[in-house]
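This report refers to the structure that appears directly beneath it.
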Amino acid sequence: MKEMKTSTARGVARRSMKKAFEPFVAAAKSAAPVGFTGELSENIAVGTKLTQNQRRELRGSVSRSVTQMYAGATKEAPHAHLVEFGTGPRWQKSTGRYVGEMPANPFMRRSWEATKGRVLAKLSKQLGEELEKAAARAARKAAKARG
């Protein structure tokens with residue numbers, strides 16, 4: 001990958017990781033508790049986007065040349081962390097009304113523990129396949145440029 005253009009290597013890594021995380025995402029979706037809206041399981045995905053808070057936390061700790069992918073709840077499920085880690089007693093600020101507490105339900109952690117072996121094995125396989133495809137594309141492009 002070091003011999004490839006940065007954009008090509010990044011694309012290979014992203015495509016590989018996106019496919020490799022499929023077993024984890026499927027497990028997390030099936031393990032997600034169904035609440036009032038049912039939106040939590042529908043909004044678990046793999047992506048490269050971070051929230052503003054996540055970017056702020058990572059600033060300076062990760063090189064820009066590193067390709068990162070994230071699997072978890074999207075911004076359409078902003079309550080996912082409350083379900084995963086639980087809450088203590090909570091009151092509404094505006095009314096002072098008690099809204100309860102929530103026990104932790106670490107469905108994402110359980111899903112990761114159950115699938116991490118498959119994810120890592122699939123990542124290795126996918127990287128090999130994507131590297132072969134990228135090398136073949138580069139060879140075709142070089143042959144076309146020569147003649």
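The values are calculated or read from the model by the stated rules, or taken from the named source; none is laboratory data. Predicted, not measured: the structure shown is a model, and the values here were computed from it. Glycine also receives a Cβ, built like all others from the backbone with ideal geometry; neighbour counts cover every protein chain displayed.
For segment 77-118, the set of residues classified as in contact with a helix residue (DSSP H, G or I) (Cβ under 9 Å, 6 or more places away or on another chain) and acidic (Asp, Glu) consists of 84 only.
Within segment 22-80, restricting attention to residues that are of a type in the set (Lys, Arg) and out of contact with any strand residue (DSSP E or B) (no Cβ under 9 Å at 6 or more places or on another chain), the residue that is modelled with the lowest pLDDT is 64. If we scan segment 129-147, do we find a residue that is modelled with pLDDT of 90 or more and not in a helix (DSSP H, G or I)? No, because not a single residue in segment 129-147 is modelled with pLDDT of 90 or more and not in a helix (DSSP H, G or I).
Scanning segment 94-121 for residues that are among the charged types (D, E, K, R) and free of Cβ contacts under 8 Å to residues at least 24 places away in the same chain gives 97, 101, 113.
Every residue in segment 1-57 that is small (Gly, Ala, Ser), surrounded by 17 or more Cβ atoms within 10 Å (Cβ to Cβ) and within 19 Å of residue 125 (Cβ to Cβ), please. Show your work before the answer.
In the first step, residues of segment 1-57 are kept if they are small (Gly, Ala, Ser); the result is 7, 9, 11, 13, 16, 20, 26-28, 30-32, 35, 38, 41, 45, 47.
This time we only want the ones that are surrounded by 17 or more Cβ atoms within 10 Å (Cβ to Cβ), so: 9, 13, 16, 20, 27-28, 31-32, 41, 45.
Result: 9, 13, 16, 20, 27.
Within segment 94-144, being under 30 Å from residue 3 (Cβ atoms) and hydroxyl-bearing (Ser, Thr, Tyr) holds for one residue alone: 124.
The rows are residues; the columns are (1) aliphatic (A, V, I, L, M); (2) under 17 Å from the mean Cα position of the chain (by Cα).
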{"residue": "77", "(1), (2)": "yes, yes"}
{"residue": "83", "(1), (2)": "yes, no"}
{"residue": "90", "(1), (2)": "no, no"}
{"residue": "104", "(1), (2)": "yes, no"}
{"residue": "121", "(1), (2)": "yes, yes"}
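Listed here are the residues, each with its yes/no results for (1) among the hydroxyl-bearing types (Ser, Thr, Tyr); (2) under 21 Å from residue 118 (Cβ atoms).
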| position | (1), (2) |
| --- | --- |
| 23 | no, yes |
| 28 | no, yes |
| 38 | no, no |
| 42 | no, no |
| 50 | no, no |
| 77 | no, no |
| 82 | no, no |
| 86 | no, no |
| 94 | yes, no |
